[in-house]
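The structure appears right after this line, and notes come after that.
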Amino acid sequence: MNPAPPGPSGPLAGLRRYASIYGALWRNSVVREMMFKANFLMWIVVETLWFGLQLSFMAVIYSHTDRIATWSKWEVILLVGAAQFIQQIFHGIFLNNCTQLSENIRTGKLDFMLLLPVNTRFLISMRTVDLGSFVNAGLAVAVMFYAAARIPISPGLAEITGFLLLCVAGILIHYSLMFALSCVSFFTVKAQGIVWGYYNLFNIARLPDTAFRGFFRIFFTFAVPMLIVANVPVKLLADKLSSPLEMLLLVGMAAGCFGFSEWVWRKSVRNYTSASS
């Protein structure tokens with residue numbers, strides 16, 4: 001009997017395999033969310049109210065001034081919407097998974113994941129999906145459309161495509177830094193406090209970068225790059241970029257943060273001796 005022909009191999013086959021795995025994880029997340037419909041709806045309401053408070057806060061500020069540096073009221077509303085969009089997409093795909101790494105290490109679930117024939121970081125990062133966050137991201141997009149009409153601006157296909165790609169870079173920054181912080185769990189009992197502390201810094205992304213000066217602007221641009229995550233994509237839409245180098249900075253920081261997180265992950269796994277040892 002002739003042996004069975006080998007299965008397809010190569011990058012495309014690998015992508016199809018991981019897409020299939022991620023599809024199965026999505027289906028499991030949908031089933032889980034539908035088992036707890038009240039919880040699903042409650043968090044949508046909570047996030048919507050919080051987003052409304054953020055918009056109300058900006059409205060109060062602009063009742064006393066016409067501009068924050070060079071930013072008008074509706075440009076800032078556009079910025080708040082973009083920051084909410086980026087945060088909610090990050091929340092929906094990555095947040096719960098990053099915060100669960102500590103528990104996976106403590107309970108020994110990571111031991112099982114390391115034995116599976118799939119990239120462990122992929123499985124840890126993509127295991128669950130928060131579907132309610134995508135609903136909230138849709139609300140943020142609606143606010144952005146309304147703010148763009150009030151500015152008014154009419155970005156073309158190139159600007160919208162560039163905006164979305166820059167948003168991906170911003171999400172990658174959030175994910176990489178939070179994943180690196182989660183790896184502290186390999187050396188301590190828990191690291192949720194550090195992870196949630198970083199998450200609370202997300203509110204800085206909602207503020208215009210020109211409102212910061214000196215040390216704080218440098219720190220939140222290069223050390224913890226919150227200011228560029230939403231500001232750069234919105235500047236592209238609103239034609240406020242001072243230089244194309246701002247886009248290159250965002251993309252470069254995303255690549256650098258991902259590389260750093262991968263180095264931290266590999267170093268942490270090499271020092272991991274399993275929960276039972």
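Derivation of every value follows stated rules applied to the coordinates shown; laboratory data play no part. Because the structure is a prediction, the values reported are computed rather than measured. Don't worry about glycine lacking a Cβ; one is built from the backbone with ideal geometry, like all the others, and counts go over all protein chains shown.
In the range 107-145, whose amide N lies under 19 Å from the spot 7 Å out along Cα-to-Cβ of Ile21? List them in ranges. Only 109-130 fall inside the zone, counting backbone N under 19 Å. Multiplying the residue separation of Thr70 and Asn200 by 0.36 nm and subtracting their alpha-carbon distance yields 44.2 nm.
So if a site counts as exposed when it's one of the chymotrypsin sites (Phe, Trp or Tyr not before Pro), its DSSP state isn't H, G, I, E or B, and it has at most 13 other Cβ atoms within 10 Å, what's the longest stretch of the chain without one?
37-186
Between Leu49 and Ile153, residue separation times 0.36 nm minus the direct Cα-Cα distance comes to 34.7 nm.
The lysines within cross-link reach of Lys73, meaning a Cα-to-Cα straight distance under 18 Å and a gap of 8 or more places when in the same chain, are Lys235, Lys240.
For helix 37-62, what angle does its Cα long axis make with the longest principal axis of the chain, in degrees from 0 to 90 and rounded to 10? Helix 37-62 and the main axis of the chain meet at about 30 degrees.
With just the Cα atoms defining each centre, how far is the range 134-158 from the range 215-271? Give it in Å. The range 134-158 and the range 215-271 have Cα centres separated by 23 Å. Helical runs assigned H by DSSP (4 residues or longer) give the chain a calculated mean residue ellipticity at 222 nm of -23500 deg cm²/dmol, each run adding -39500 (n - 2.57) before division by the residue total.
Once both axes come from the Cα atoms, what is the angle between helix 11-35 and the longest principal axis of the chain, in degrees from 0 to 90, rounded to 10? For 11-35 against the chain, the angle is about 80 degrees. Each Cα pair under 8 Å and six or more residues apart adds its sequence gap; the mean of these over the residue count of the chain is a relative contact order of 24 percent. Compared with the dominant Cα axis of the chain, that is its longest principal axis, helix 131-150 is turned about 20°.
Annotation for Val118 and Lys37: the two label points, set 7 Å from Cα along the Cα-Cβ direction, are 2.9 nm apart. Between Val224 and Thr161, the FRET efficiency from the beta-carbon distance, with R0 = 30 Å, is close to 0.60.
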